[in-house]
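Everything below concerns the one structure shown next.
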Protein chains: 2
Amino acid sequence: MLQFDFYIFAPDMNNTRFATVVHILTLLARQPNRLLSSDWIAGSININPVIVRKELGNLQDRGWVISRKGKDGGSMLDVSPDRITLADIYQLVKNANILGKKNLDTNPKCSVGKDINDELEALFRDTDKLICSSLQQKTLQDFVKQFD
Amino acid sequence: MLQFDFYIFAPDMNNTRFATVVHILTLLARQPNRLLSSDWIAGSININPVIVRKELGNLQDRGWVISRKGKDGGSMLDVSPDRITLADIYQLVKNANILGKKNLDTNPKCSVGKDINDELEALFRDTDKLICSSLQQKTLQDFVKQFD
DNA sequence: TCATTATGTAACAACTTCTATTACATTTAT
DNA sequence: ATAAATGTAATAGAAGTTGTTACATAATGA
């Protein structure tokens with residue numbers, strides 16, 4: 001039945017990952033150069049610490065966070081909050097498997113079925129671009145500033 | 001653990017409903033005043049006819065489509081395609097349970113946990129508004145015109 | 001060195017939503 | 001009556017996220 005991932009409504013996007021990651025980054029940004037434990041972070045969000053560690057792993061892969069194991073270990077930001085935009089975060093949590101799910105089973109004998117995927121893809125791409133250009137103007141620092 | 005539905009990435013939004021509904025409406029718009037059967041429509045999208053009938057039911061509830069049972073029955077548009085915007089369609093497939101899933105379990109003893117839901121909600125709402133204002137400028141007729 | 005504390009992961013269950021399918025009642029035209 | 005279509009319920013399957021347990025690994029400090 002489907003065709004292209006609807007970029008805006010990415011099927012791999014769940015309802016909490018963006019919020020969770022923003023929450024984590026906000027906590028880290030507010031205590032720069034201080035190692036926060038995943039348990040402490042999880043306590044603020046009220047979720048399981050393993051989830052936090054998974055997301056921290058993603059943030060490390062992205063180069064935004066460094067962690068230290070062992071006693072007195074934890075995680076901290078390795079990038080200035082004004083260099084992380086909400087578009088970056090959006091991309092991070094959405095990029096899991098954004099492509100690879102095209103469903104080309106629409107009927108090629110039907111003039112609509114044959115071409116609709118091209119039209120939809122253009123629409124999805126435009127809409128995605130619109131969101132990103134908006135989110136790109138908002139940095140993590142801007143977001144964190146709201147809590148002062 | 002979460003808090004607010006991320007309006008942009010609405011959890012009740014799947015990867016195919018928007019595309020499916022657009023496909024259905026496109027077929028109906030191209031053959032005005034003609035009753036198309038759910039089987040025929042399903043054949044173009046290559047999905048199960050029951051899914052099509054469910055969506056047609058939603059479109060009837062919305063007042064856009066009328067159907068007739070029995071032999072030679074089927075569905076057709078009851079509204080001019082230039083009066084249906086893509087924002088309307090977006091709202092239709094997204095409105096299932098857009099609210100009602102707030103999770104206020106973030107830690108109120110944490111200054112971030114206490115206030116982040118307000119900030120996120122504002123962000124989600126703004127982003128949602130941006131999408132809608134963009135999609136509102138595109139009608140079903142515009143979309144269908146591309147297939148000529 | 002050893003106990004403690006923390007990250008890093010793997011594995012699996014629970015939950016949700018959408019999609020597919022089967023089945024059948026109802027309606028309408030011929 | 002029969003055929004063809006919608007309307008809908010019920011159930012299973014697929015996919016993704018979240019929760020949880022378990023344990024290996026690493027680092028600190030007494």
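Identify, by number, the condition in (1) within 12 Å of DNA strand D (Cβ to nearest atom); (2) in contact with a Gly (Cβ under 8 Å, 6 or more places away or on another chain) that A:L36 doesn't meet.
The number of the failed condition is (1).
Residue under question is A:I98, and the condition is that it be closer than 20 Å to B:V112 by Cα and either in contact with a strand residue (DSSP E or B) (Cβ under 6 Å, 6 or more places away or on another chain) or modelled with pLDDT under 95 (or both); does it hold?
Taking the combined requirement at face value, the residue does not satisfy it.
Return the pairs, sorted by first residue and then second, in which the second residue is open to solvent by 100 Å² or more (accessible area, probe 1.4 Å) and outside any strand (DSSP E or B), the first residue lies in the range A:61-80 and is closer than 15 Å to A:V22 by Cβ, the beta carbons are less than 6 Å apart, and the residues are 6+ apart or on different chains.
none
For the range A:48-80, name all the residues that are buried (at least 21 other Cβ atoms within 10 Å of the Cβ) and in a loop (DSSP other than H, G, I, E, B).
Within the range A:48-80, A:W64 is the sole residue that qualifies.
Could you list, in sequence order, the residues of the range B:129-147 that are surrounded by 14 or more Cβ atoms within 10 Å (Cβ to Cβ), within 10 Å of chain A (Cβ to nearest Cβ) and in a helix (DSSP H, G or I)?
Once the filter is applied, which keeps residues that are surrounded by 14 or more Cβ atoms within 10 Å (Cβ to Cβ), within 10 Å of chain A (Cβ to nearest Cβ) and in a helix (DSSP H, G or I), the range B:129-147 yields B:L130, B:I131, B:S134, B:L135, B:F143, B:V144.
Exactly one of (1) within 30 Å of B:D39 (Cβ to Cβ); (2) among the hydrophobic types (A, V, I, L, M, F, W, C); (3) open to solvent by less than 20 Å² (accessible area, probe 1.4 Å) is unmet by A:L27. Its number?
All conditions are met except number (1).
Any residue in the range B:74-88 that is of a type in the set (A, V, I, L, M, F, W, C), away from DNA strand C (no atom under 16 Å from the Cβ) and modelled with pLDDT under 95?
Checked against the condition, which is being of a type in the set (A, V, I, L, M, F, W, C), away from DNA strand C (no atom under 16 Å from the Cβ) and modelled with pLDDT under 95, the range B:74-88 yields at least one hit.
List pairs: first residue in the range B:15-35 and in contact (Cβ under 8 Å) with a residue 60 or more places away in the chain, second residue open to solvent by less than 20 Å² (accessible area, probe 1.4 Å) and outside any helix (DSSP H, G or I) anywhere in the structure, Cβ distance under 6 angstrom, at least six positions apart or on different chains.
Close Cβ pairs satisfying both conditions: B:F18/A:F6.
The values are calculated or read from the model by the stated rules, or taken from the named source; none is laboratory data. What you see is a predicted model, and the numbers here were worked out from it, not measured in a lab. So basically every Cβ, Gly included, is an ideal-geometry build from the backbone, and we count neighbours across all protein chains shown. Calculation scope for accessible area: heavy atoms of the full protein, side chains included, ligands and nucleic acids excluded. Shrake-Rupley method; radii C 1.70, N 1.55, O 1.52, S 1.80 Å.
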